[in-house]
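See below for the structure under consideration.
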Amino acid sequence: MQHIIDRFISYVTIDTESDANSQTTPSTPKQLVLAKLLVKELTAIGMTEVTIDKNGYVMGTLPSNVEHNVPTIGFVSHYDTSPDFKGEGVKPQIIANYSGGDILLNAEQNIILSPNYFKDLLQYKGQTLITTDGTTLLGADDKAGLTEIVSAMEFLLKNPEIEHGKIRVGFTPDEEIGRGADLFDVEKFGAAWAYTMDGSQIGELEYENFNAAGAKITFKGKSVHPGYAKGKMINSMLIASDFIDALPKGETPEETKGYEGFFHVTQLSGSIEESKVELIIRDHDMKKFLKRKDLVHKIVRKINEKFAKQFGEDIAVVEIKDQYYNMKEKVEPVKYIVDLAEKAMQDLGIKPLIKPIRGGTDGCRLSYMGLPCPNIFAGGHNFHGKYEYVPVESMQKAIDVIVKIAQLTATTDFSDPEILKPSKKKAKKKKK
Ligand SMILES: [Zn+2]
């Protein structure tokens, strides 16, 4: 286990914070320090076809060790950390044999990681936790994923009796600013499917995410001296307010969960002459997603009709842009890739936690670029902040899952994907 800890610490102590305001790739040149270290390491453990392109995307190959045809699969993670919290000067602390009580992260500033607030901690009693010193994030998102992929490849290279097909690994910059998939060369990667190792707690397995769009609505007005305004003034702020009021009640992020979609007003600014509303639209279901976008158009149309005579032209202009789509559409036709990961976890005694993501992942973008790509746990908790931590045992389990998936891919007859389906669970579902 010390080997995993050492590798993880060597990654998190390199500052790789990305920057949404930068136009370059990687968004921050410092990310390349870790990218180059990864290249060195992949080469050192014996991987082939190890490359880094001009945008910092790292790829490598573990060649097949069997005679028969096996689909090439891939594992992907990102090496940048979130700009939401400080990523420089990470000083990891190792809590061996965790007692189940409070963890003092920083005595000086009295920063405590407590199971009273973070209840998930309790399931890791007796395990080894890696935490921050309370002043930075940890970067387990997603350096835990890097650690797991590199360690699994190393394990397979050292244990050639474990059968596997060709395996590709891919490490990307700038996932945290939504650009990780942008310049990913899917063709060069050349895998039939892949998994991002970028989920949170042990067992997580995700292949459904939101369909997402962003809307901007501009409302015009007419400013007239309030003393002479009757019948003449149009206050755009009041129209903007009417628009927000016309959105369905209770369909906001703070009042929805699971598969429930929402409208989320993210910006509101205005004067009498002009007001702007920005919102994001989310739904797992494509039909409902389209309905939601239609509704925004409908409300705007009604407002325009109401003011048509007085204003002369459209008083409200709406612009809706799709952002990403539910990967389920691309993964469902090859559902056996999820079943394979689920079986790998079950074989290892890990309870799979399959749930819809209320957001997007790089994997959903990659899925639409031709690389179906579910997401698997990397083990960490409380991402993007000072309370971030990762149990080493969860990282070890993630390594085991990668190895198991590699092995199952080589020993499964893909002409009959039925054999991958966990029979008990499926039978239960059908009865309902
Ligand atoms: Zn991540």
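Taking the criterion of being surrounded by fewer than 17 Cβ atoms within 10 Å (Cβ to Cβ), closer than 28 Å to Ile177 by Cα and without any contact (Cβ under 8 Å) to a residue 12 or more places away in the chain, the only residue of the stretch 31-50 that qualifies is Lys40.
Just so you know, in the stretch 126-152 the residues that are more than 16 Å from His381 (Cβ to Cβ) and among the hydrophobic types (A, V, I, L, M, F, W, C) include one that is surrounded by the most Cβ atoms within 10 Å (Cβ to Cβ), and it is Ile149. Counting only residues that are under 14 Å from the mean Cα position of the chain (by Cα) and either of a type in the set (A, V, I, L, M, F, W, C) or assigned to a strand (DSSP E or B) (or both), the stretch 178-210 holds 10 of them.
Which of the residues spanning the stretch 385-399 are closer than 18 Å to Thr196 by Cα, within 16 Å of the ligand (Cβ to nearest atom) and of a type outside the set (Ser, Thr, Tyr)?
Taking the stretch 385-399 first, the residues closer than 18 Å to Thr196 by Cα are 390, 394-399.
Now narrow it down to the ones that are within 16 Å of the ligand (Cβ to nearest atom): 390, 394-395, 398.
Once the filter is applied, which keeps residues that are closer than 18 Å to Thr196 by Cα, within 16 Å of the ligand (Cβ to nearest atom) and of a type outside the set (Ser, Thr, Tyr), the stretch 385-399 yields Val390, Met395, Ala398.
Please enumerate the residues belonging to the stretch 220-241 that are of a type in the set (Gly, Ala, Ser) and outside any helix (DSSP H, G or I). Within the stretch 220-241, Gly221, Ser223, Ala229, Gly231 meet the criteria.
For the stretch 242-255, does any single residue satisfy the condition of being assigned to a strand (DSSP E or B), in contact with a Phe, Trp or Tyr (Cβ under 8 Å, 6 or more places away or on another chain) and more than 26 Å from Asn304 (Cβ to Cβ)? Reasoning before the result, please.
Looking only at the stretch 242-255, we keep the residues that are assigned to a strand (DSSP E or B), and these are none.
Within the stretch 242-255, none of the residues are assigned to a strand (DSSP E or B), in contact with a Phe, Trp or Tyr (Cβ under 8 Å, 6 or more places away or on another chain) and more than 26 Å from Asn304 (Cβ to Cβ).
Out of Thr81, Thr135, report the one residue that is within 16 Å of the ligand (Cβ to nearest atom), at pLDDT 95 or above and β-branched (Val, Ile, Thr). It is Thr81. Being touching a residue at least 40 places away in the same chain (Cβ under 8 Å), in contact with a strand residue (DSSP E or B) (Cβ under 6 Å, 6 or more places away or on another chain) and more than 28 Å from Ile357 (Cα to Cα) is the filter here, so list the residues in the stretch 275-304 that pass it. Result: Ser275, Lys276, Val300, Ile303.
The values are calculated or read from the model by the stated rules, or taken from the named source; none is laboratory data. Every value quoted in this text rests on a predicted model; they were computed, and no experiment measured them. Neighbour counts are summed over all protein chains in view; Cβ atoms, including those assigned to glycine, are modelled from backbone coordinates with ideal geometry.
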